[in-house]
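Peer 1: To start, I am sharing the structure in question, which I have written as structure tokens.
The values are calculated or read from the model by the stated rules, or taken from the named source; none is laboratory data. If you're wondering where the values come from, they're calculated on a predicted model, not measured in any experiment. Glycine also receives a Cβ, built like all others from the backbone with ideal geometry; neighbour counts cover every protein chain displayed. Ligands, DNA and RNA are excluded from the accessible area calculation, which covers all protein heavy atoms including side chains. Shrake-Rupley method; radii C 1.70, N 1.55, O 1.52, S 1.80 Å.
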Amino acid sequence: MNHTTHNKIVSFIWAIADDCLRDIFVRGKYRDVILPMFILRRLDCLLEPRKDEVLEEVRFQQQEVGLTSMEPEGLYEASGHLFYNVSRFTLKSLLGNPSQLEANFSNYLDGFSENVKEIITHFDLRSQARKMAQANILHDVIEKFTSEEVNVGPHDTTAPDGRKLEGLSNLGMGYVFEELIRRFNEDNNEEAGEHFTPREVIDLMTHILFLPVKDKLPNPLTVYDPACGSGGMLTESQDFIIDRQGQIAASVDVYLYGKECQGETYAICKSDMMIKGNNPENIRFGSTLAMDEFSAVRFDFMLSNPPYGKSWKTDLKFIKDGKEVVDPRFQVTLKDYWGAAHLEDATPRSSDGQLLFLKEMVGKMKRTGDSPLGSRIASVHNGSSLFTGDAGSGESNIRRHVIENDWLEAVIQLPTDLFYNTGITTYIWILSNNKSPARQGKVQLIDASSYFAKLRKNLGKKNCKLTSRHIEQIINLYDEMVENDHSRVFQNNDFGYYKVTIARPLRLAAQFSPERIAGLRFLPALAEEMNWAYEQFGDGIYSDLKLHQKAIEDYLEAEGINLKAKQKKALFTSKTWNDQLELLTIAGQLMDKIGQEQFLDFNLFKKRVAAACKKLDITLPAPARKKILTAMSRQDEKAEKVIKKVHKLKGDKLAGRLEYLNTSPEYLPDFGLYPVGNKNEYLEYEQDSNLKDNESIPLDENIHAYFRREVRPHVTEAWIQLDKTRIGYEISFNKYFYKHQPLRSLEEVTRDILKLEQETDGLLKKLVRFGGGLS
């Protein structure tokens, strides 16, 4: 399409908004009218040449066949498209009867096939038409769109002054449509970019996605975007592949698939597909995360700019039941430290679901056994996808799943302020399940944060762009896999680490005292609430709890105390109060028997309590005993270590434990097993949760060797809790591309301070002279 023609059409349609809609619609709502009306006009132009054939097919089905409802296949064939209109009206013929315009326009909309009616519904065009009719501008808007001064049809026409108006191809229509979307997004800053990725970013993604395999493209070829918005990435991909002046110019059939959850952008995308001759049924409406629309389909290429920093709590019930993942798309099989495979959770925090879209695409890659090319993915993310989430978390598990399967080719850091609605740094992830030999087992990081040109005028938060030269530079870095200030190449496991728990022993001192025993009257989790109730009602709380429930509830409300259902039930259950009272009574009896001596050996104290219970003929269940022991003890660094368990290890049992830990007997204390003389007994101590620490150890390091070198010299009592070891993955651009800037010398700083003092000296004197002094 001629570039001048393209600009004229865009300018003509853009002018309709100012000519007709001003004072009726606020500027930010112009798109609600212009985009659907532009789509209707294009569909109208496509259907107009075969309008008579469609009406004849309607007559045939109704009068000769006797059908009460239309058979779509015959109407599709009659119209020559995957849509039709059975109304007797066209947009132009609507203008012939202004007094009946609104009713006739409604009849015209009713005549469309169901796929177009769905678009009309999502655009809410009927209510917009009603508003235009009430303001007496519906006629003017239709008249403008059907003007013979502009041609949005596929065939050449002649203007009233005799000028030839070139027909608008599907590709040309796409350019006009996307330019209108871009202008509306940029003009309406509060919405700009919510569903619109800058074209130069898509250009970079399509170059890197398709060029490396341009000579191996399958035919037919499928492209998928799980968060397709208005469809820009899909149509740009198609255009990039089939453009006769492009770098690929492939003669392949390209099939586009996508899903979008917001009504208007879904309508834009579906109509764009329809206008360009793509199958609109391949674009689905709804949440990608909530429902797997394409569960049986795998795709050759996938690219997306999923929402980041956005909650997916509304989809949570479709993915998880409590802590259990019920959608298999969001589970991964990973090996633990010992190599045993487990099905793991691959869901991130509910406040940010961007990695779920990446996991969705990964799950739809074609197996290399089914397609020699496999699949390639390009996905835009913010920085949190690279490093948020500890080892074993959903985010880390997704990164690990991708990297350990050798699917991640590269991550490209883009400049800040490149997108319309965010100034944060963004990254493009490039994935393939059929890497070239040079990339196998490796990941390339590209720092393109300095590759940009400033815009003369900000577009929303976008103040810069990638030029064609910048895109070429980034592509060259990717192609050549060079090592320089902007490109680094790593082995896959360079991003992995062991998260190792380092424990230290718990030391407790214990002592019975009236004050500590008094605390047993209340549950620790409800101590404040129960204490208030007991102070108010005394021992009556045990016999007449229901009588005082209303007063306690009023107290909770007045104090703004919101208890969980389980806590509330416990507070208003007599058994809770009586169980605590029984504990308090028993503890008093034990104090009378044992006395108030302080024990710096909790192990001995526990034995004394057990012996006292036996002498007093008190049966104390383990949970109750634990509550009393906990209430009577406090942490004390001078106290003895608390023994958790004594292990008897010898023969095969000892050999099995040594094999499990991959160590020898003399190093068992490093793993929390301390020998007792020569009895084949080993002590395991309780760990102090306040002193627990974690070490992140690279995957290529031996955990025990690291512990002996980095931990043991500094913390002699520490041990490794090997069974709690988790494997995590994260990618840090700052770590690999950070350039240290040396601090300025004291002489330089002093020089600048003296210079500033000289520059402000006159100003200070003026302030003193005219202000009467400084306060």
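Peer 1: If we keep just the residues of region 712-736 that are assigned to a helix (DSSP H, G or I) and in contact with a strand residue (DSSP E or B) (Cβ under 8 Å, 6 or more places away or on another chain), which is farthest from Thr416 (Cα to Cα)?
Peer 2: Tyr736
Peer 1: Go through (1) at pLDDT 95 or above; (2) under 24 Å from Gly392 (Cα atoms) one by one and return the number of the condition Tyr736 breaks.
Peer 2: (1)
Peer 1: Which numbered condition in (1) more than 30 Å from Gly383 (Cβ to Cβ); (2) surrounded by 15 or more Cβ atoms within 10 Å (Cβ to Cβ); (3) at pLDDT below 90 is the only one that Gln758 fails?
Peer 2: (2)
Peer 1: Now a separate question. Against the conditions (1) open to solvent by less than 10 Å² (accessible area, probe 1.4 Å); (2) out of contact with any Pro (no Cβ under 8 Å at 6 or more places or on another chain), where does Pro226 fall short? Just the number, please.
Peer 2: Tallying (1) open to solvent by less than 10 Å² (accessible area, probe 1.4 Å); (2) out of contact with any Pro (no Cβ under 8 Å at 6 or more places or on another chain), Pro226 fails exactly one: (2).
Peer 1: Report, by residue number, each residue of region 370-411 that is small (Gly, Ala, Ser) and touching a Pro at 6+ places or on another chain (Cβ under 8 Å).
Peer 2: Listed by number, the residues that qualify are Ser371, Ser379, Gly389, Ser393, Gly394.
Peer 1: Which members of region 92-146 meet the condition of being small (Gly, Ala, Ser), under 26 Å from Asp23 (Cβ atoms) and not in a helix (DSSP H, G or I)?
Peer 2: Result: Ala135, single match.
Peer 1: Considering (1) part of a helix (DSSP H, G or I); (2) of a type in the set (A, V, I, L, M); (3) without any contact (Cβ under 8 Å) to a residue 60 or more places away in the chain, say which one Met361 fails and leave the rest.
Peer 2: (3)
Peer 1: How about region 62-91: which of its residues are touching a strand residue (DSSP E or B) at 6+ places or on another chain (Cβ under 9 Å) and either assigned to a strand (DSSP E or B) or open to solvent by 20 Å² or more (accessible area, probe 1.4 Å) (or both)?
Peer 2: The answer is Tyr84, Asn85, Val86.
Peer 1: Could you please let me know if Ala509 is modelled with pLDDT under 95, surrounded by 14 or more Cβ atoms within 10 Å (Cβ to Cβ) and within 30 Å of Leu604 (Cβ to Cβ)?
Peer 2: No: the conditions fail for Ala509.
Peer 1: Restricting attention to strands (runs of 3 or more DSSP E) lying wholly within region 414-514, give those where 2 or more residues are touching a strand residue (DSSP E or B) at 6+ places or on another chain (Cβ under 8 Å) and among the basic types (Lys, Arg).
Peer 2: The qualifying strands (runs of 3 or more DSSP E) are 462-465.
Peer 1: Can you tell me which residue in region 230-280 is farthest from Met291 (Cα to Cα), limited to those that are within 27 Å of the chain's Cα centre (by Cα), open to solvent by less than 10 Å² (accessible area, probe 1.4 Å) and of a type in the set (Gly, Ala, Ser)?
Peer 2: Among residues in region 230-280 that are within 27 Å of the chain's Cα centre (by Cα), open to solvent by less than 10 Å² (accessible area, probe 1.4 Å) and of a type in the set (Gly, Ala, Ser), the one farthest from Met291 (Cα to Cα) is Ser237.
Peer 1: If Leu620 satisfies all but one of (1) under 25 Å from Tyr542 (Cβ atoms); (2) of a type in the set (A, V, I, L, M, F, W, C); (3) modelled with pLDDT of 95 or more, what's the number of the condition it fails?
Peer 2: (3)
Peer 1: Look through region 185-230, keep the residues that are within 23 Å of Leu466 (Cβ to Cβ) and of a type in the set (Ser, Thr, Tyr), and return whichever of them is modelled with the highest pLDDT.
Peer 2: The qualifying residue modelled with the highest pLDDT is Thr206.
Peer 1: If you don't mind, another one. Limited to region 664-711, what total is found for residues that are assigned to a loop (DSSP other than H, G, I, E, B) and open to solvent by 40 Å² or more (accessible area, probe 1.4 Å)?
Peer 2: Total meeting the criteria: 9.
Peer 1: Still on this structure: Quick one: would you say Leu629 is in a helix (DSSP H, G or I), at pLDDT 95 or above and within 23 Å of Val500 (Cβ to Cβ)?
Peer 2: For Leu629, the condition - in a helix (DSSP H, G or I), at pLDDT 95 or above and within 23 Å of Val500 (Cβ to Cβ) - is not met.
Peer 1: Oh, and also: Residue check, Asp156 against (1) buried (at least 17 other Cβ atoms within 10 Å of the Cβ); (2) over 44 Å from the mean Cα position of the chain (by Cα), all met but one. Which one?
Peer 2: Unmet condition: (1).
Peer 1: Moving on to the next point. Can you name the residue in region 495-506 that is among the aromatic types (Phe, Trp, Tyr) and open to solvent by 20 Å² or more (accessible area, probe 1.4 Å) and is also farthest from Ile594 (Cα to Cα) among such residues?
Peer 2: Tyr497
Peer 1: Is it the case, given these coordinates, that Arg504 is modelled with pLDDT of 95 or more, among the basic types (Lys, Arg) and farther than 17 Å from Ile428 by Cα?
Peer 2: yes
Peer 1: Between a first residue in region 527-550 that is among the β-branched types (Val, Ile, Thr) and a second residue that is open to solvent by 50 Å² or more (accessible area, probe 1.4 Å) and part of a helix (DSSP H, G or I), which pairs have beta carbons less than 8 Å apart while being 6 or more apart in sequence or on different chains?
Peer 2: Listed by first residue and then by second, the contacts come to Ile541/Tyr534.
Peer 1: Shifting gears a bit: Could you grab me the full set of residues in region 709-747 that are more than 30 Å from Leu386 (Cα to Cα) and either more than 39 Å from the chain's Cα centre (by Cα) or among the acidic types (Asp, Glu) (or both)?
Peer 2: Arg712, Pro713, His714, Val715, Thr716, Glu717, Arg744, Ser745, Leu746, Glu747
Peer 1: Take Arg59 and decide whether it is closer than 26 Å to Met173 by Cβ and either at pLDDT below 90 or open to solvent by 10 Å² or more (accessible area, probe 1.4 Å) (or both).
Peer 2: In short, no.
Peer 1: If you go through region 281-291 one residue at a time, how many are in contact with a helix residue (DSSP H, G or I) (Cβ under 6 Å, 6 or more places away or on another chain) and more than 17 Å from Met233 (Cβ to Cβ)?
Peer 2: Qualifying residue count, region 281-291: 4.
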